[in-house]
Each structure stands twice: as structure tokens, then as C-alpha cells.
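The values are calculated or read from the model by the stated rules, or taken from the named source; none is laboratory data. Because the structure is a prediction, the values reported are computed rather than measured. Ideal geometry is used to build each Cβ from the backbone, glycine not excepted, and the neighbour counts take in all protein chains shown.
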Amino acid sequence: MNRLKSQKHIAVTQKDIARQAGVSSTVVSYVINHGPRSVAEKTKQRVLKAIEDLGYRPNKHAQSLKSRKIPVKHQLGIIMGAGSEFLRRPYYGDILSGIYDEAYRQGQRIRFFHFLEELHDPLLFNEHVHPEEISALIFFPPYDSLTNPQNSALIARITERISNVICLEASIADLPSVVFDRIGAARIATQHLIALRHQCIGFVGKRDNRVDGYRQALLEHGLPYHEHLLRHPGEQKNTPEEGYEGTRVLLDLAERPTAIFAASDEVALGVLGAVHDHGLRVPEDVALVSIDDLDFAPMIRPALTTVRVPRQQMGVHALRMLAMHEAYPDTQPVSVVLPTELIVRQSCGTL
């Protein structure tokens, strides 16, 4: 039986932790309060394991719950599956903006924002991921988190405690999600370049289902698919640096592409830099189309032709879906795929 459920009405104390770990209550206090004295690592791990097994939460937290005026059904947590570098990316900033704006509009209170790796700490996990603390969770972007096998077990524990969870960017563990049509966006971008009579089209960026959309467009128009025209450099995080490196390799080919489809606007920045450093021009020598339509896309020169992704609406839809499930918990949650739109500017050579 789940420990949380079996002890639902039993308050776990520091004495219980001490008994379980085979240490004194003083040592437990040192671990929980991070001092004032240090604790041997092996002993500390025993205490943390007991905290995890018993589901201990600090008394000061329980006392604050008694005085809280905002009902728990309007409490929201956000878990970031990737590292802190994603907070520097404008794409994810726009999604978070949509979440916070809609949360304010709905009267939702965002209780915490944590990275998944942080929640391996049982103290932090028990304090925040608890039905007395939050009623719903947003998890994004989840796919990178699955590279660590321990995270799968952690995600299972999260969904055991919190039933109202939604993923952004991709779905994991059969959870409902809000995503944009990556395959469709890539297909539209590649089709646009084909319509401009390009037959040798390179791809630069992360190898995901955007590659499927790229391949679909080539096949539909009877164009060959060549692996050497696909570049997936670095850690495949769709950064400008990866865009630069991938394009540099493409432009060194004996038969270089006349057009490049970049997986994101940030990748496109690197493409522009590499093309310039090779003494070539966009779009005169190499046409360029990307995905996202970030705020800088119309401001750079040449302005980016790109497929617009409704980033803020992803956050808004997530909040609305959580609110719907909270109001009607017996209904089966569904996933949403948001449409995209081609925005034609200078970089493709049309204008």
C-alpha cells in the first residue's frame, strides 16, 4: 500500500524518523535544518531514506497549512524537466508568461517552481509534492528528464500523489499534454522551400519529429532524402551554437544545399552567422526557414521566415485544462495539439 495513503491521518514526527533510521532525534534535526552540526554522509542518507519512506513533512509547514486562507484546490506547482539553462531561452520564457498570466486571471496560486532533479531530495519532495500543498501540476519540458532512469520512478511517485497533471511540449507516462504540431510545422516549412524551387534542402537541429515532417515534404514532392544533409550537432538543444556548427558542415559539402530548414529560430541565428562567415548571403545564396517566430524574428536582417508556434497559448491552454479537470474530476483528460502558421519574411527569398 502507498505509504502516503496508509499514513494519511498519522502525523509523522522526527522521533519516528530517528527510530526508523537508528539515530537520535538531534541528528534528524541536524539533517532537516542543515546544521548547526554536520552529519556523516552515510548517516545523512539513512535519515533521508527514512524521511522518504515515512513521508515526513516539517511541523512548521503543517502549521502554516492550518492558517492558509486560499483553498488547496487553487494551488499549482510547476516542474521543469530540463536544467536551468532553459530559463535563458526565450521560447520557454514565453510559455511561462502564458502560465503566469492565466494563473493570475483564474485566481490560481503558483506554490512552487522546481527542477525535477531537485525533487530527488525527499524533504523537498514531501514538503511540496503533496495533495495538502497543491491540487495540480504542470510539467515541462518532460522529454529530457527521461534520460535519467531514476526520474521515471520519481515521476511515478509524483503522479501517485497528484492526479491533476499536465505536460507541455510532450506527453510522458500517458499524461495529458499541450503540444504544437511539430511534424506539421516542419512539413509546412519544407514545403515552402520546395515551392520556391529548392531541391537540395538541408536540415539543422535536434533529431526529433520535425525530421519526420521534413521527410514527408520531400517524399510528397518526389525529392530524395539524404542523411548527409541532416546535421544534429552538440547536445541537440537547438541553440545558435549548434545552428552555426551544423551549417558550417553543410556549407563545406561538395554540393552544398541551396536552402536550409532550421529546427528553431535560435538555430536559425547560428545558420545566419555561418552563412555570413562563409562569404555567402541569405537568401541570395542560401534560403532559410525556421520554426517558432520568436520576438526577434522580424527584427533581424534578413527577417526570418518562420512557422509561428503559439507559445503563450500553450501555457494558457494548460491552465484551462487543469481547471476543467479540477471542476470535473471524473472526466477523462484529453491532450491538445495547437496549430501553427507560416509567416513569410525575407530569409526565404520570397520578399
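What is the one condition in (1) under 30 Å from Glu102 (Cβ atoms); (2) over 21 Å from the mean Cα position of the chain (by Cα); (3) not in a helix (DSSP H, G or I) that Gly222 does not satisfy?
(1)
Please determine, by comparing only the residues of segment 227-248 that are of a type in the set (Asp, Glu) and in a helix (DSSP H, G or I), which one is surrounded by the fewest Cβ atoms within 10 Å (Cβ to Cβ).
First, pick out the residues of segment 227-248 that are of a type in the set (Asp, Glu): 227, 235, 241-242, 245.
With in a helix (DSSP H, G or I) added as a condition, the list becomes 227, 241-242, 245.
Values: Glu227: 5, Glu241: 16, Glu242: 25, Glu245: 16.
Selected residue: Glu227.
Return the only residue of Leu196, Leu219 being of a type in the set (A, V, I, L, M, F, W, C) and more than 21 Å from Thr350 (Cα to Cα).
Leu219
In this structure, is Pro257 in contact (Cβ under 8 Å) with a residue 60 or more places away in the chain and either over 18 Å from Cys200 (Cα atoms) or assigned by TED's automatic domain parsing to the domain that holds Ala217 (or both)?
no
Would you point out the residue of segment 144-183, among those that are in contact (Cβ under 8 Å) with a residue 60 or more places away in the chain and of a type in the set (Ser, Thr, Tyr), that is farthest from Ala318 (Cα to Cα)?
If we take residues in segment 144-183 being in contact (Cβ under 8 Å) with a residue 60 or more places away in the chain and of a type in the set (Ser, Thr, Tyr), then Ser145 is farthest from Ala318 (Cα to Cα).
Would you say Arg88 is of a type in the set (Lys, Arg) and modelled with pLDDT under 90?
yes
Restricting attention to segment 276-304, which residues are closer than 17 Å to Leu193 by Cα, out of contact with any strand residue (DSSP E or B) (no Cβ under 7 Å at 6 or more places or on another chain) and buried (at least 23 other Cβ atoms within 10 Å of the Cβ)?
Within segment 276-304, no residue meets the criteria.
Would you please name the residue that is farthest from the chain's Cα centre (by Cα), looking only at residues in segment 106-115 that are under 24 Å from Ala323 (Cβ atoms) and not in a helix (DSSP H, G or I)?
Filtering segment 106-115 for residues under 24 Å from Ala323 (Cβ atoms) gives 106-114.
Next, from what is left, pick out any that are not in a helix (DSSP H, G or I): 107-114.
Working: Gly107: 24, Gln108: 21, Arg109: 21, Ile110: 17, Arg111: 19, Phe112: 16, Phe113: 13, His114: 12 Å.
Filtering segment 106-115 for residues that are under 24 Å from Ala323 (Cβ atoms) and not in a helix (DSSP H, G or I), the one farthest from the chain's Cα centre (by Cα) comes out as Gly107.
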